[in-house]
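Here's the structure, in structure tokens; my notes come after.
The values are calculated or read from the model by the stated rules, or taken from the named source; none is laboratory data. None of these values were measured; they are calculated from a predicted model. When we count neighbours, we look across all protein chains shown, and the Cβ atoms used for this are built from the backbone with ideal geometry, even at glycine. Areas reflect the complete protein model, heavy atoms only, side chains present, ligands, DNA and RNA absent. Shrake-Rupley method; radii C 1.70, N 1.55, O 1.52, S 1.80 Å.
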Amino acid sequence: MDYRWFFGSNTTYNKKLSVMSSLLSAVMYEGSSLSLNDSTKTQKTDGKTIQQVMTYFGMSNPKSYALNTLYSDDHVSEVALGYRTVKYNNKQKTILAVIIRGTNGTLQEWTSNFDVGQLSTDTSSDEWKNTKNHKGFDITANRIMKLVDKYISENGISKSSVVYWVTGHSRGA
């Protein structure tokens, strides 16, 4: 993992960053793991949790949040957050990883996947911020953004220097 990637153009494709993003997205699923060791075999992890993998890559305070423990409806997912402050070429940035799990196969999340909303304005949820968006995805995304904002605040991260590294698979994408 080379955090200098985040100092380049954000409009230029970076294959290595894409591969890393895919690996982190895969580890978000229950039962997945990513065994890692460095070239000298001095650092290793069995990678059974996303927090272990994020720690291995030098991220601070990795946390995972399952929205179904915070909300009782169907608009849920799971998100992992972690950060790393990097200085490169006299610039400092805080890379904030936001890794969102895709649908986990539960009826709850599949129900939300199919909840596109009504053709008329649906006022059943004040969390559905943009009624032009898919209802289940929009509500879940807004809930994740609340957790991201809370995490930033709790960790004293300056929003002026943060770079959001958002990745996910399927519903998490």
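In segment 15-34, which residue that is assigned to a loop (DSSP other than H, G, I, E, B) and of a type in the set (A, V, I, L, M) is least open to solvent (accessible area, probe 1.4 Å)? Filtering first and then ranking leaves M28. Within segment 65-82, residues that are open to solvent by 10 Å² or more (accessible area, probe 1.4 Å) reach partners that are assigned to a loop (DSSP other than H, G, I, E, B) with beta carbons closer than 6 Å, at six or more positions or on different chains, in the pairs N68/V76; E78/R101. Quick one: in segment 36-53, of everything that is surrounded by 11 or more Cβ atoms within 10 Å (Cβ to Cβ) and of a type in the set (S, T, Y), which residue is modelled with the highest pLDDT? Result: T49.
Restricting segment 146-173 to residues that are modelled with pLDDT of 95 or more and in a loop (DSSP other than H, G, I, E, B) leaves a set whose member that is least open to solvent (accessible area, probe 1.4 Å) is I157.
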